[in-house]
Amino acid sequence: MLDVLVIYVAAQILATFVAVTLTSTRADPDALLPVLVAVSPAMSLAVASAWLALRYDRWLQPLMGRRPPRVGDVGIGIAVGVVCLLGQRLIVLGIAALAERSGADLPVVQQTFREIAQQPGAVPLFVVTTVLLAPVAEEVIFRGVLFQGLRSRMSFWVAALVSAALFTIPHLFEGGGLLAGGIISSGILPLGIVFAALVERRGSLLPAVVAHATYNAIGVATLILLPGAV
């Protein structure tokens, strides 16, 4: 918990500093937006690597899991990522249906990501950020450090729920307001539990990273190709 707290706070301070520095320039806001989105996961990954290297000897092997990565981890990760994306879409569609029946207006979710996805020049950086940087950074922190650290001291379900809950909190503040963040987060909590189960079952962080990347890749493709989708 201490490691995750230090990594998260330090990464956010650095990301804020970089973001303020960038926005103080006279760069085109539309061109700057995908860069700002990339700053947070990049800083998180850099800070996590530096902090763990300073604090622990031979930290990389325990971080990656109790077993070496296997070829089968990639296929399992892809399959789980696809299933998770379908499950999350069903949850969001169910919430949308309930909102429509109650007469409430459903907010536009992930508004910032939708705006970036419709800028052709921003798409390459957006894809790298969401499909590579974010999955690696988040899995290293929440499943590599937090879940495995908690799991060494407590049961699977407690460790999985705590790590998934903390993984969910930042998504509450994604673009679109608190309600929109809540809608997205309704699918993120079970996602965190599934990723923890992958690490537990396979003994490696790799399948969780691949599942997360697959999940994000399909979501990004949907935003780019079907911008009006829920």
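Mind listing whichever residues of region 93-120 are open to solvent by less than 40 Å² (accessible area, probe 1.4 Å), at pLDDT below 75 and over 17 Å from Leu226 (Cβ atoms)?
Once the filter is applied, which keeps residues that are open to solvent by less than 40 Å² (accessible area, probe 1.4 Å), at pLDDT below 75 and over 17 Å from Leu226 (Cβ atoms), region 93-120 yields Ala99, Pro107.
Looking at (1) within 16 Å of Gly81 (Cβ to Cβ); (2) open to solvent by less than 10 Å² (accessible area, probe 1.4 Å), which one does Gly203 not meet, given that it meets all the others?
(1)
Just to be sure, is Gly175 outside any helix (DSSP H, G or I), modelled with pLDDT under 75, open to solvent by less than 40 Å² (accessible area, probe 1.4 Å) and of a type in the set (Gly, Ala, Ser)? Break it down into steps so the answer makes sense when it comes.
Working: outside any helix (DSSP H, G or I): yes; modelled with pLDDT under 75: yes; open to solvent by less than 40 Å² (accessible area, probe 1.4 Å): yes; of a type in the set (Gly, Ala, Ser): yes.
Considered against the rule, which asks whether it is outside any helix (DSSP H, G or I), modelled with pLDDT under 75, open to solvent by less than 40 Å² (accessible area, probe 1.4 Å) and of a type in the set (Gly, Ala, Ser), Gly175 comes out as yes.
Ala160 is checked against (1) at pLDDT below 95; (2) in contact with a Gly (Cβ under 9 Å, 6 or more places away or on another chain) and fails just one. What number does that condition carry?
Ala160 satisfies every listed condition except (1).
Working only within region 209-230, note down all residues that are closer than 20 Å to Ile91 by Cβ and buried (at least 24 other Cβ atoms within 10 Å of the Cβ).
Once the filter is applied, which keeps residues that are closer than 20 Å to Ile91 by Cβ and buried (at least 24 other Cβ atoms within 10 Å of the Cβ), region 209-230 yields Ala211, His212, Tyr215.
Can you confirm whether Met64 is out of contact with any helix residue (DSSP H, G or I) (no Cβ under 6 Å at 6 or more places or on another chain), of a type in the set (A, V, I, L, M) and either open to solvent by 60 Å² or more (accessible area, probe 1.4 Å) or touching a residue at least 12 places away in the same chain (Cβ under 8 Å) (or both)?
yes
Within region 22-30, is there a residue that is at pLDDT 85 or above, hydroxyl-bearing (Ser, Thr, Tyr) and within 30 Å of Glu115 (Cα to Cα)?
Scanning region 22-30 turns up no residue that is at pLDDT 85 or above, hydroxyl-bearing (Ser, Thr, Tyr) and within 30 Å of Glu115 (Cα to Cα).
Which ones in region 30-39 are in contact (Cβ under 8 Å) with a residue 40 or more places away in the chain and open to solvent by less than 50 Å² (accessible area, probe 1.4 Å)?
Those that are in contact (Cβ under 8 Å) with a residue 40 or more places away in the chain and open to solvent by less than 50 Å² (accessible area, probe 1.4 Å): Leu33, Pro34, Val37, Ala38.
Just to check your reading of the model, which residue among Val123, Val80 is at pLDDT 95 or above and touching a helix residue (DSSP H, G or I) at 6+ places or on another chain (Cβ under 9 Å)? Steps first, answer last, please.
On the way: Val123 fails: at pLDDT 95 or above.
Exactly one residue qualifies, and that residue is Val80.
For Ser44, are the conditions met, namely being open to solvent by 40 Å² or more (accessible area, probe 1.4 Å), out of contact with any strand residue (DSSP E or B) (no Cβ under 7 Å at 6 or more places or on another chain) and closer than 19 Å to Leu206 by Cα?
Details: open to solvent by 40 Å² or more (accessible area, probe 1.4 Å): no; out of contact with any strand residue (DSSP E or B) (no Cβ under 7 Å at 6 or more places or on another chain): yes; closer than 19 Å to Leu206 by Cα: yes.
Against the criterion (open to solvent by 40 Å² or more (accessible area, probe 1.4 Å), out of contact with any strand residue (DSSP E or B) (no Cβ under 7 Å at 6 or more places or on another chain) and closer than 19 Å to Leu206 by Cα), Ser44 does not qualify.
In region 1-29, how many residues are without any contact (Cβ under 8 Å) to a residue 12 or more places away in the chain and open to solvent by 60 Å² or more (accessible area, probe 1.4 Å)? Even if it seems obvious, please write down each step before you answer.
So the first thing to find is which residues in region 1-29 are without any contact (Cβ under 8 Å) to a residue 12 or more places away in the chain, and the list is 2, 5, 9, 13, 16-17, 20-21, 24-29.
In the following step, the residues that additionally are open to solvent by 60 Å² or more (accessible area, probe 1.4 Å) were identified as 2, 5, 9, 13, 16-17, 20-21, 24-26, 28-29.
Going through region 1-29 one residue at a time, the tally reaches 13.
The values are calculated or read from the model by the stated rules, or taken from the named source; none is laboratory data. Only a predicted model underlies this, so the values are computations on that prediction, with no experimental measurement involved. Please note: Cβ atoms are built from the backbone with ideal geometry, for glycine as well, and neighbour counts cover all protein chains shown. Note: accessible area is taken over every heavy atom of the protein model, side chains too, but ligands, DNA and RNA are not part of it. Shrake-Rupley method; radii C 1.70, N 1.55, O 1.52, S 1.80 Å.
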